[in-house]
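Structure, as structure tokens:
The values are calculated or read from the model by the stated rules, or taken from the named source; none is laboratory data. In this text, all values refer to a predicted model and were calculated from it rather than measured experimentally. Using ideal geometry, Cβ is built from the backbone for each residue, glycine included, and neighbour counts are taken over all protein chains shown. When the accessible area is computed, the model is the full protein with side chains, heavy atoms only, and any ligands, DNA or RNA have been set aside. Shrake-Rupley method; radii C 1.70, N 1.55, O 1.52, S 1.80 Å.
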Amino acid sequence: MTFTTRFAPSPTGPLHLGHAYSALLAHDMARAANGRFLLRIEDIDHTRSRPEWERQIYDDLAWLGLAWDATPMRQSDRQDTYRAALNDLWSRGLLYACSCSRRDIAAAVSAPQEGAEPAFGPDGLIYPGTCRHRYPRDRDFPPEGMALRLDMAVALNALPQPLSGFAEIGPAGVLPGHLVPVRADNLTSSVGDIVLSRKDFLGSYHLSVVLDDSAQEITHVIRGKDLYDATHIHVLLQAVLGIQTPVYLHHRLIRDEQGRRLAKRDDARALATYRAEGLTPLDIRKKIGL
Ligand code: GLU
């Protein structure tokens, strides 16, 4: 299969040096492998995505000298796919409706439980299961306007074969890599019943990223270490949805002088700021050690 990778920014703020690192690394590895570099606009969360940030993504990437090998995919065009997957999971009894707010969850997990500290997973507090048996699951389709959670224990039980894991490679020069096991007991205790469709928009990051990587035939997912824990969820979802697990590379994160991870609000390190100050794409490559 042709080496195919992607850059998948969310248009919720300016791209910064960390994004440049991800995009350039993925692009360079695709070119070195004679493969394909694709772009995906992750605008599933319409409450936070803005057209002006999407325009700036195209400007910044063009300025960096990056070109992609197919029309960019936009998550906002893929509602039907997300809905079909949710309907399928619902009909298999793997989802349940949830009406808890963040505050409800925080209150439920902070209730005294023999002194146990509330546990956090990749999506925040691990859901205590309040709604697991609260609403009927035997309707033909999932209810509208409610969050839908994956019943993790049921999903794990329904897997046709035990989970294996994912292959993690290093950047060119450090290849090949190793198998990272994904353990069912960890998913139950450290991830729990994650949201696969949000109350305020259809689908969720975890669901869409897995479906989109599959639709774009991504063989290598190259992204930051901050998403390493999420990959364990993605491997589970791939198994549940019958999707092949790609190879992963979780790269180092670009940090500021104080060692903090760069964030979208960190306008000082926005690519557009450096560009306005007269830096060149080569200067950016040097800055991030590429
Ligand atoms: N859209 C995510 C972000 O901007 C990246 C998701 C991914 O690469 O899987 O952080």
The correct count of residues that are crowded, with 16+ Cβ neighbours inside 10 Å and under 30 Å from ALA155 (Cα atoms) in region 244-290 is 7
Filtered residue count, region 1-42, keeping only those that are over 16 Å from the mean Cα position of the chain (by Cα), open to solvent by 20 Å² or more (accessible area, probe 1.4 Å) and of a type outside the set (A, V, I, L, M, F, W, C): 6
Any hit, region 106-128, residues being within 16 Å of TRP90 (Cβ to Cβ) and in contact (Cβ under 8 Å) with a residue 12 or more places away in the chain: no
Any residue in region 215-225 that is over 14 Å from the mean Cα position of the chain (by Cα), at pLDDT 95 or above and basic (Lys, Arg)? no
Return only the number of the condition from (1) surrounded by fewer than 19 Cβ atoms within 10 Å (Cβ to Cβ); (2) in contact (Cβ under 8 Å) with a residue 40 or more places away in the chain that TRP53 does not satisfy. (1)
Taking the conditions exactly as written (crowded, with 20+ Cβ neighbours inside 10 Å, more than 13 Å from MET73 (Cβ to Cβ) and of a type in the set (Val, Ile, Thr)), does THR47 satisfy them or not? no
Could you list, ordered by first residue, the pairs with Cβ atoms under 6 Å in which the first is in region 215-244 and under 22 Å from ALA184 (Cβ atoms) and away from the ligand (no atom under 12 Å from the Cβ) and the second is open to solvent by 20 Å² or more (accessible area, probe 1.4 Å) and in a helix (DSSP H, G or I), at least 6 apart or interchain? ILE243/SER214
